Every structure is written in C-alpha cells, then in structure tokens.
Amino acid sequence: MGGSDKITIGTLRAAKRERRKISMLTCYDYTTAKLMQEAEIDSLLVGDTYAEVCLGHSTTLPVTLEHMVTIAEAVRRGAPSVYLVGDMPYLSYQVCAEEAIRNAGQFMSRAGCDCVKVEVDRRLVKIVEAMSSATIPVMAHLGLKPQSIQSVGGYRIQGKTASAAAAIIEDAHMMEKAGAIALLLEAVPSEVAAIITESTELPVIGIVSGPDCDGQVLVLHDMVGYGGGHPPRSVKQYAQLHDPLVNAFRSFAKDVSEGAFPAAENSIAMDSTELAQLRRMLSTGRSNERGETGRRA
Ligand code: KIV
C-alpha cells in the first residue's frame, strides 16, 4: 500500500475490506518521516508521545498545540504520500466543540494532516459529532487514554471485565455514529479489539490490542530501542539503536579529547598562493586587496 501514491481514507477503507493490514508509526521530525515513507509505512501519527520521548516529560500532557502542529508540518514535508494523523494535545478539544474545531483546523490547514486523533469516550460524542460536521476527519482513540491517566490512576489495560469491555465496544459504535472516520484502540484485550474490528466499517488501528485490528501502530522510540524514558509498552523491538548511538557519541568524545578529530580530510585548506598573500598582507598591515588597512588614520 505504502509508496508514491497518496494514501487516503479511501485507501485505508479498501485495505480493511480486502483484509490488507495497515502499518502506522509515530513520527516527530522531517528526516525520520522521509525514511518511513521510503520504507512504505502507510500512515504516520504525529503523536503527543512527543512530550515523553522527545521532550522528556513523564506524561503526554505538557505538549502544546503550536508545538504539535509545527512538528506535523515537518513530518508532512518529509512524507507527502502517507496518511498523516495529527494528535490533538491535552485540552485542545475537550473544553468545547468550537475550540476543538478551530484547533483541529490547524492540523488540517497548516500541516496538511489527513485526520486528527482525539482520546474519547461517550462523554465526548457531541464534540466528535461537531468536529465531523465541520469537515474535520476524526480518529477516535479508545481504551487506554494517556491524557486521562491522572483521573484513571495510571497506565492500565482497559476493558478487562465484561462490563468494561461492553462499554468500550459501545463507545466505539457511538463514535462511528458520531462521524469518526477511524478508530485507534490502545491496551484493550485482543478479544475486545477483534469484536470492535469486526463490528465496524471503520479502519481500526491497534496498539497492544492484539492481531485482529485492521492495522498496528508502534511508538518509534519503542520499536527502534531508542529509549526516551516513557512508560513501558509491550512492543516488538525491530532495532536496538541505543548501543550503536552511545558508542558513536563515545567515540566522537574520545577522538576530540585525543585530537584525532578533525583530521586533514575533515578540514578545509586554503589555496597556498592565497595563504602566502594573506601572510604578506598581515605582516605589512594591509588587510584587503585594495591595500586598505581598515584602520582609521
Ligand atoms: O501519542 C501517541 O503516540 C499515541 C500512540 C500511543 C498510539 O497515541
């Protein structure tokens, strides 16, 4: 699916119908976005995990709308073809529909996102409805909602009991009715994710929600072993960048302290004739070619 053709919500819906899985990664900068598009990742999420993995906060709450839109712009420049999802930060959509629409509009018009993601349950159905009516494509994030961890008391699997699972399933259907165009399920049991995925026409992306979702998303820093100090998630690591990077940084520090860097090939040498002339000029006090000294008489 990924490649040079622009991926749209139509592409994702077709993937669901044809049972082709959708790949999504979080991305926070232009250079990595270029690599991800080259690797044919279908969709990039400019996630508010940026607050944790790039800014070093212990939750996703502190990141601002302006910051998120700015990095979404950079990601779009790096990956013009992917399905780009902008994550609406804490309190940028919960207060009222008008603010939600205006703020979401920044992701759409400035960053060229294909949709925005909001962490919701039935209490926000009116906001999702209003955003959808205002032509904002909404991805509804259900299950574990990191922006609510202060009120739920931590990062916990959601929907473990029959009644909790039924509530999430019902929330998913309410979001579909409210006009959401896709769902993202975080940390719900595989069986619950499977029921939701089968019972909706919306593409369903999962994270720690089992194999039956229509697609999977991972946080970049988790999947490449890059660290970042965020809460652990049960993810598969596809690379271990921590050690190679620390080794590279350590080698650089050693080279600098020992004078091994920069060597001649890392430096710029002046043309020998120009250098000889410069030396003559400096010794006679003439600082430019017209013979001006640059000193006041
Ligand atoms: O912000 C984010 O990166 C997310 C993922 C955990 C899905 O919402």
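Data overview
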read-out	value
The chain: relative contact order as a whole-number percent, Cα under 8 Å and 6+ apart	15 percent
In degrees, nearest ten, helix 242-258 long axis to first principal axis of the chain (Cα)	10 degrees
Rounded, prolate or oblate (a/c below 1.5 giving rounded, otherwise prolate when a/b exceeds b/c) for the range 109-253 by Cα gyration tensor	prolate
Largest-first ordering by accessible area, 1.4 Å probe, given options 76, 19, 13, 280	19, 280, 13, 76
Aspartates and glutamates whose Cα lies under 14 Å from that of residue 160, excluding same-chain neighbours fewer than 8 positions away	186, 191
GNM top mover of 171, 243, 214 - the chain, alpha-carbon springs below 10 Å	243
Among 263, 79, 172, residue whose mean-square fluctuation peaks in a GNM of the chain (springs only between Cα atoms under 10 Å)	263
Residue 133 accessible area, 1.4 Å probe, all protein chains in place, Å² to nearest 10	100 Å²
Tilt relative to the chain, helix 272-284 - C-alpha long axis, 0 to 90 degrees, to 10	60 degrees
Whole-number percent relative contact order across the range 8-106, with pairs defined as alpha carbons under 8 Å at least 6 apart	29 percent
Heavy atoms of residue 242: accessible area, 1.4 Å probe, square angstrom to 10	100 Å²
Beta bridges per DSSP with both ends in the range 9-245, % antiparallel, nearest 5	0 percent
For the range 65-97 versus the range 269-284, the gap between their alpha-carbon centres in whole angstrom	54 Å
Loop GluC sites (Glu not before Pro), the range 24-120 (other Cβ atoms within 10 Å of the site Cβ: 15 or fewer; DSSP)	40
Between helix 162-178 and the chain: long-axis angle, C-alpha atoms, 0 to 90°, nearest 10	70 degrees
Residue order for 236, 145 - accessible surface, 1.4 angstrom probe, largest first	236, 145
Partner aspartates and glutamates for residue 34 [C-alpha distance under 18 Å; skip if fewer than 8 residues away on the same chain]	5, 42, 73, 114
Charge dipole of the range 1-66 about the Cα centre (unit charges at C-beta), most positive-ward option of 49, 12, 60	12
Rounded to whole Å, sorted largest first: equivalent-ellipsoid semi-axes of the range 9-245, Cα gyration tensor	24, 21, 19
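The values are calculated or read from the model by the stated rules, or taken from the named source; none is laboratory data. From a predicted model like this one, the values you see are computed outputs, not experimental measurements. Counting neighbours? That spans all protein chains shown, and the Cβs are built from the backbone with ideal geometry, glycine included. These area figures cover heavy atoms from the full protein model, side chains too; ligands, DNA and RNA do not enter into them. Shrake-Rupley method; radii C 1.70, N 1.55, O 1.52, S 1.80 Å.
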